[in-house]
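Asker: Below is the structure I would like to discuss, written out as structure tokens.
The values are calculated or read from the model by the stated rules, or taken from the named source; none is laboratory data. All values derive from a computational prediction rather than experimental measurement. Here Cβ is always computed from backbone atoms with ideal geometry, including for glycine, and neighbour counts include all displayed protein chains. Note: accessible area is taken over every heavy atom of the protein model, side chains too, but ligands, DNA and RNA are not part of it. Shrake-Rupley method; radii C 1.70, N 1.55, O 1.52, S 1.80 Å.
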Amino acid sequence: MTFQENLFSGKHALVTGATQGIGAGVANCLASLGARVTAVGLDAGDGSLAPGIRVVVADISDEASTRNLFEQIDSLDILVNCAGIIRRGAEHRVDVFEKVLAVNLTGTMRLCSASRALLKASHGVIVNMASMLSFFGGARVPGYAASKGGVAQLTKSLALAYAEDGIRVNAVAPGWIATPLTQPLQDDPVRSEPILSRTPLGRWGTPEDVAGCVAFLCAPAAAFMTGVILPVDGGYLVA
Ligand code: NAD
């Protein structure tokens, strides 16, 4: 990592979906750069968070649970919306489709909306989690693809709406990252081979690969960037 030490010192970062996977990587990265970090997940997670990071168990698809979360937030400089689910093969069922949308898209909107006043006070930043499926369709995951297309459009819309409050809103679009969410794909040679052969950099990404780009978007170096969907994909999108 090549950022100035204490880049985010004095800042409070709220990272959802942070008890494992990409979100945990982001939380650890921001904490290593001096931020006070609150990590949100459905459970206490897999132990991959650095000591000193506060964990709050909350369901961002639930209004009351989110309200309870924000009762524990006094100030906020950085919001990173990483919470997300995928239900491969089941998302043609409308109830499953709706659940995926409720977490990935409506949950992201709920957190942005709940954070707006706090971020206005700090001239803060939001980073959302888009995907390759913000750009492509997914035959087995219509809900996930619709939600991530939605996250990209939501990011652009909130960038416009929140600019008057001095809040920047961007997204990263990770390629194929080795986390529990993609474990079934990593474990299946038939599905992992085409992913790897189309990724010019020739490997699965890591949560740290994504976290560095999130940190950049949160940093003063990105002060003139808003409404951007930044691919972090080892070149997958252009191959
Ligand atoms: P993961 O399954 O490893 O972790 C998901 C995290 O979200 C967990 O901490 C879980 O507790 C939390 N979560 C799920 N539902 C929640 C809810 N309702 N309320 C609060 N927290 C909830 O997933 P990951 O691979 O780290 O993915 C993180 C984000 O990145 C997701 O939005 C995912 O869509 C996106 N993404 C992942 C990849 C990839 O290849 N792994 C690629 C592109 C985008």
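Asker: Indicate, rounded to the nearest 5 percent, the antiparallel portion of the DSSP beta bridges found entirely in the chain.
Answerer: Around 0 percent of the beta bridges assigned by DSSP in the chain are antiparallel ones.
Asker: Continuing with this model, one more query. To the nearest 20 Debye, how big is the dipole of the chain about its Cα centre, given +1 on the beta carbon of each Lys and Arg and -1 on that of each Asp and Glu?
Answerer: Charge dipole of the chain: 360 debye, to the nearest 20.
Asker: Another question, then. Quick one: net charge of Thr199's neighbours, Cβ under 15 Å, K/R +1, D/E -1?
Answerer: Here the count lands on 0.
Asker: Of all the accessible heavy-atom surface of segment 12-234, with the other protein chains kept in place and a 1.4 Å probe, what percent is carbon and sulfur?
Answerer: Of all accessible area on segment 12-234, carbon and sulfur atoms account for 59 percent.
Asker: Which order, highest average first, do 204-213, 11-20 follow once you tally other Cβ atoms within 10 Å for each residue and take the mean per peptide?
Answerer: Highest to lowest by the protection proxy: 11-20, 204-213.
Asker: Can you find, among Leu79, Ser48, Phe136, the residue farthest towards the positive end of the dipole of segment 43-137? Put +1 on the C-beta of Lys and Arg, -1 on that of Asp and Glu.
Answerer: Of the listed residues, the answer is Phe136.
Asker: Using a 10 angstrom cutoff on alpha carbons, build the Gaussian network for the chain and name the most mobile of Leu76, Leu154, Leu33.
Answerer: Judging by the Gaussian network model, the answer is Leu33.
Asker: Which of Gly21, Gly137, Gly45 ends up with the largest GNM mean-square fluctuation for the chain, with Cα atoms connected below 10 Å?
Answerer: Maximum among the listed residues: Gly137.
Asker: Averaged per residue, what accessible surface does the chain expose to a 1.4 Å probe, in Å²?
Answerer: Heavy-atom SASA per residue in the chain reads 44 Å².
Asker: So which residue, out of Ser113, Ser147, Ser131, gets the largest mean-square fluctuation from a GNM of the chain using Cα contacts under 10 Å as springs?
Answerer: Of the options given, Ser113 has the highest mean-square fluctuation.
Asker: For segment 12-234, how big is the tail of P(r) above 29 Å, as a whole percent of Cα pairs?
Answerer: The share of Cα pairs beyond 29 Å in segment 12-234 comes to 20 percent.
Asker: Cα convex hull of segment 42-91: mean projected area in nm², to one decimal?
Answerer: Result: 5.0 nm².
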